[in-house]
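Below is one structure, written out as structure tokens, with a few remarks after it.
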Amino acid sequence: MATRRRIFLTILPIVMFPDKILKQKCKKVTSFDKNLAKLLNNMYETMIEADGVGLAAPQVDVNKQIAVVEVDEDSGVIEMINPEILETEGEQTGVEGCLSFPDIYGEVTRPYRVKIRAQDRHGEYYELEAEDFLARALQHEIDHLHGILFTSKITRYITVEELEGYDAE
Ligand code: CO
């Protein structure tokens, strides 16, 4: 008889600025176990519920180098454990928001293309190259793992009304 697996998902509370954990450098993940898988599943569910495109572990009160990103169906869900940026190229300026800063939007300039190296939920290393909005989302989340918030990089704040005139990203 086949074993039925049931996955119970939990929507986690999102930590809001100025909670101290958001400014801390996160610790490396060393055990790739069931708890990590459960946290990743719950982080994904929490991100979707909040209508976000990325979520970092400190945003759910976990001081570890873990983040999830999903900007569209093409990219699919990207799970980054202990990620590093290997290379960057070019420049882009675009509007960002963050689930820990409700109603705050601003223009941030970042590299246009990035190459990252990270581990997956099983501890396997992988490399990924991304550009444009996906590259922006990956960099925003990796910044979170170093306690760097997007507000420190905003060159111009955007009001919610202005945002509606912007290309929806
Ligand atoms: Co954020």
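The values are calculated or read from the model by the stated rules, or taken from the named source; none is laboratory data. Computed from a predicted model, the values in this text were never measured in an experiment. Please note: Cβ atoms are built from the backbone with ideal geometry, for glycine as well, and neighbour counts cover all protein chains shown. These area figures cover heavy atoms from the full protein model, side chains too; ligands, DNA and RNA do not enter into them. Shrake-Rupley method; radii C 1.70, N 1.55, O 1.52, S 1.80 Å.
Using the Cα coordinates of the range 1-144, the gyration tensor eigenvalues translate into equivalent-ellipsoid semi-axes of 24, 19, 15 Å, sorted from longest to shortest.
Springs between Cα atoms under 10 Å define the GNM used for the chain, and in it the highest mean-square fluctuation of THR155, THR46, THR109 occurs at THR155.
For the options ASP61, ASP19, ASP74, a Gaussian network treatment of the chain with springs between C-alpha atoms closer than 10 Å singles out ASP74 as fluctuating the most. Between GLN92 and ARG110, TYR112, the built amide H atoms are under 5 Å apart, and every one of these is 5 or more places off in sequence or on another chain. Rolling a 1.4 Å probe over the heavy atoms of the protein chains gives the range 33-169 an accessible area of 50 Å² per residue. Among the listed pairs LYS27/LYS115; LYS28/LYS153; LYS64/LYS153; LYS38/LYS153; LYS34/LYS64; LYS20/LYS64, a Cα-Cα separation exceeding 20 Å is found for LYS27/LYS115; LYS28/LYS153; LYS64/LYS153; LYS38/LYS153.
Counting only DSSP beta bridges whose two residues both lie in the chain, roughly 95 percent are antiparallel. Using a 1.4 Å probe over the heavy atoms of the protein chains, calculate the carbon and sulfur portion of the accessible area of the chain as a whole percent. Solvent-exposed carbon and sulfur of the chain make up 48 percent of the total. Overall, the anisotropy analysis places the range 24-95 in the oblate class: the square-rooted eigenvalues a ≥ b ≥ c of its C-alpha gyration tensor yield a/c not less than 1.5, with a/b not exceeding b/c.
Across the options THR109, GLY94, VAL69, the greatest Cα extent toward the positive end of the charge dipole of the range 69-116 (unit charges at beta carbon of Lys, Arg, Asp, Glu) belongs to THR109. For the chain, the longest principal axis of the alpha carbon atoms and the long axis of helix 34-49 meet at an angle near 40°.
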